[in-house]
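In what follows, a structure is listed as structure tokens, so that the remarks can point back to it.
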Amino acid sequence: GKWKAVGMLRGQTDDVQDLAWSPDSTAVVTGSIENVAFLWDAESNRALSRLDGHHHYIQGVCWDPLGDYIITQSGDRSCRVYAPKPPKAPKRKRKSAEAAPAAEQGTIE
């Protein structure tokens, strides 16, 4: 059957080179020849963030498997890593030095 367009991402002013869905399918990231990437809300099709920093067109974009980071690849010979949301604080267990086994003392958790 025929496919029907159900949305459009508007806002980039030049050719889009790459795009990627977030792992949870709630967002899309696009990269273009205008040297920026945009983060989009997949439901509303609205731009959430503009990811600046490259000095040449963006050739590729990708999410990490957990959806915590976006990486962009550019013709300026660099890759940039962005955190679209604040990183999750690591869970820390409180231990006293006396209670920790000798093998754990002096290690960083």
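The values are calculated or read from the model by the stated rules, or taken from the named source; none is laboratory data. Worth saying up front: this structure is predicted, and the values here are computed from it rather than measured. Don't worry about glycine lacking a Cβ; one is built from the backbone with ideal geometry, like all the others, and counts go over all protein chains shown.
Selection of the range 13-33 for residues being surrounded by 15 or more Cβ atoms within 10 Å (Cβ to Cβ), out of contact with any Phe, Trp or Tyr (no Cβ under 6 Å at 6 or more places or on another chain) and either of a type in the set (Ser, Thr, Tyr) or at pLDDT below 95 (or both) yields only Ser32.
Can you find, within the range 35-80, the residue that is surrounded by the most Cβ atoms within 10 Å (Cβ to Cβ) among those that are touching a Ser or Thr at 6+ places or on another chain (Cβ under 6 Å) and closer than 13 Å to Gly11 by Cβ? Ranking the candidates gives Ala37 first. Within the range 38-61, residues that are within 15 Å of Ala83 (Cβ to Cβ) have Cβ atoms under 6 Å from residues that are aromatic (Phe, Trp, Tyr) in these pairs: Arg50/Phe38; Leu51/Tyr82, counting only partners at least 6 apart in sequence or on another chain.
Among the residues of the range 1-47, those that are of a type in the set (Ser, Thr, Tyr), at negative phi and outside any strand (DSSP E or B) comprise Thr13, Ser22, Thr26, Ser44. For the range 1-43, a residue qualifies if it is out of contact with any Leu (no Cβ under 8 Å at 6 or more places or on another chain), farther than 13 Å from Cys62 by Cβ and aromatic (Phe, Trp, Tyr), and exactly one does: Trp3.
I'd like the full set of residues that are farther than 14 Å from Val29 by Cβ and either modelled with pLDDT of 90 or more or in contact with a helix residue (DSSP H, G or I) (Cβ under 6 Å, 6 or more places away or on another chain) (or both), limited to the range 73-87. Those that are farther than 14 Å from Val29 by Cβ and either modelled with pLDDT of 90 or more or in contact with a helix residue (DSSP H, G or I) (Cβ under 6 Å, 6 or more places away or on another chain) (or both): Gly75, Asp76, Arg77, Ser78.
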